[in-house]
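Have a look at the structure below before the remarks.
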Amino acid sequence: MLPISNNASTDRPANSKSKTPEVLDRKNLFDSLKPYLSFHHRRLWFFLAVVLLQLLILLSAPSIPLYLSTAGTPNPSPTIPKLTSTSIAKTSIVSTVNNNSTTSGSCPYGKVYIYDLPPLFNSEIVKNCHDLNPWNSRCDALSNSGFGKTATGISKVIPDNIRPSWFWTDQFSTELIYHNRMLNYRCRTLKPESATAFYIPFYTGLAIEKYLFASNSTAKERDQHCKMMLDWVSDQPYFKKSNGWDHFISMGRISWDFRRSKEEDWGSSCIYMPKMRNITRLLIERNPWDYFDVGIPYPTGFHPSSATDFINWQEFVRTRRRNTLFCFAGATRGIIKNDFRGILLNQCYNESDSCRVVDCAGSKCANGTSEILSTFLNSNFCLQPRGDSFTRRSIFDCMVAGSIPVFFWHRSAYLQYEWFLPTKPESYSVFIDRNEVKNGTSIKSVLEKISKEKVIKMREKVIEILPKIVYAKPNEGLEGIKDAFDVAVEGVLRRVKEREEGYKWK
């Protein structure tokens, strides 16, 4: 170890060398620059500013667009393309698939457990399809996993490559459609302890159908199946754990068919039963003021088997030549005083050069016909008054055909299908207050004022949302596209996740 010198500041180490002339010259040079290196000297600040600017240019170089580095290559001035259905199509088809993509095995909101209910509550009801309706058999309508028979008589309306995707589907068949899809759902779990939500495959609407139209049925008969189901489900440990908050069910009719408040009234009291209070209910028409009612699309006749089928259909309705301004498919309600449908029919008949009518008196339009499909495909707009209730299946038949719906009640769609339709109603539909029509407003004059460019944009929005309002044919769903089933079930799972941190009443 070297000794420490007390005079280290003055003594030079023994091995140090004397300074060479070169070292002396460098020292002299440094001394000569000292005045210029002072922070009070203007030249130093100028020098530092130049260096800093060069550093900034170097650091920003990776973000400079490549076209700026190509010297001598002139860039043409950007032009705004003419708005046509074809120009929009190039991006719409891509976004339809990508924005609704599903990854096999991806379950960001959790998984669903399906209760294995006694056959009394589902399969036996379907087996007795001949007895469900007092007027005719329901067996054809409930066949093919709820999709019904293959559509016939549409060869002159639909291209050959898309025709296999069409069926005569019953508007009250969602219970079967959802059950069959759920059994093959990618986010299904066989372990209830790992489930986020629990699905109850009870065919509620089909169970009461037999008694809804029987003149001698009793309130007890209309309630019996629902009461038995709730007794069974409420006895399950996972129902007891949550009091039903994480349970859901598909009910294949409108909410009002299950809201009987008096013994002598229409329908079942299923929704008013205490054990049903916290269960989420998927219905083709909801009560907008009941949190647990969720409106889901009516099933239409279009059930694509692949993403290709779906894209082909989108392109078909996009490029379809439409010769009629607006149309109406429906019939008057003779027992209703000042029936609004009668007013619409009169306007259509008086404007026959602009409006096409399909008379649906009786049951001629039940579950769709080729004439209805052809009418919607040939019309820019379709009139959608309320049906027997506030909604009607025709809303979705119209949009699937690429026709723009015209509403007269907010409750027909805007307050019903919030998970499925755009938040801006004017982007895909037209609203005309029914009272204005009653007071003489011409529907034709309102629709004629909408520019062609606006019509193209509105139709493109309708085509964009088609995945959310149709039910795909494969029980596994479509690869890369989320259909109405996917949107509904993911919505339920998302709700359950949100409730886990929220308030629950007992």
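Straightening the chain between SER106 and ALA361 buys 87.1 nm, computed as 0.36 nm per residue apart minus the Cα-Cα spacing. For region 403-475, the convex hull spanned by the alpha carbon atoms encloses 103 Å³ per residue.
Solvent-free Debye calculation, one equal scatterer per alpha-carbon of region 370-427: log10 I(q)/I(0) at 0.14, 0.18 Å⁻¹ equals -0.36, -0.59. If only the Cβ of Lys and Arg carry +1 and only the Cβ of Asp and Glu carry -1, the dipole of region 131-183 around its Cα centre is close to 180 debye. Give me P(r) over region 352-470, computed from all C-alpha to C-alpha distances, binned every 10 Å, as integer percentages. Over region 352-470, the share of Cα pairs per 10 Å bin runs 12, 47, 36, 5 percent. Only Lys, Arg, Asp and Glu carry charge here, each on its Cβ (+1 for the first two, -1 for the last two); on that basis region 250-400 has a dipole of about 200 debye about its Cα centre. Note on region 180-248: Rg/Rh from C-alpha atoms, Kirkwood Rh, equals 1.07.
Of the trypsin sites (Lys or Arg not before Pro) found in region 145-250, those in coil by DSSP whose Cβ has at most 11 other Cβ atoms within 10 Å are LYS156.
Figure note: ARG260, ARG333 ranked by solvent-accessible area, largest first, 1.4 Å probe, ligands and nucleic acids not counted: ARG333, ARG260.
Here the mean projected area of the convex hull built on the C-alpha positions of region 129-273 is 11.1 nm². Across all directions, the shadow cast by the convex hull of region 253-332 built on its C-alpha atoms averages 9.4 square nanometres.
Across the cross-link table entries LYS156/LYS444; LYS220/LYS240; LYS468/LYS497; LYS424/LYS444; LYS111/LYS191; LYS457/LYS482, which are compared at the Cα atoms, the separations over 19 Å belong to LYS156/LYS444; LYS220/LYS240; LYS468/LYS497; LYS424/LYS444; LYS457/LYS482.
Fully extending the segment from LYS262 to MET228 would add 10.2 nm, taking 0.36 nm per residue of separation and subtracting the current Cα-Cα distance. Largest to smallest in accessible area, the residues HIS179, HIS247 fall in the order HIS179, HIS247 (1.4 Å probe, all protein chains included). Surface composition of region 412-472: carbon and sulfur make up 46 percent of the accessible area, probe 1.4 Å.
Under 20 Å between alpha carbons, and skipping anything fewer than 8 positions from LYS227 in its own chain: which aspartates and glutamates qualify? Within the straight-line cut-off, LYS227 pairs with ASP116, GLU124, GLU175, GLU209, ASP235, ASP246, ASP257, GLU263, GLU264, ASP265, ASP293. Heavy-atom accessible surface of region 288-412, averaged per residue, reaches 36 Å², computed with a 1.4 Å probe.
One way to sum up the overall shape of region 129-199 is the equivalent ellipsoid from its Cα gyration tensor, whose semi-axes run 30, 20, 7 Å, largest first.
The values are calculated or read from the model by the stated rules, or taken from the named source; none is laboratory data. Source: prediction; values computed, not measured. Cβ atoms come from the backbone with ideal geometry, glycine included; neighbour counts cover every protein chain shown. Areas reflect the complete protein model, heavy atoms only, side chains present, ligands, DNA and RNA absent. Shrake-Rupley method; radii C 1.70, N 1.55, O 1.52, S 1.80 Å.
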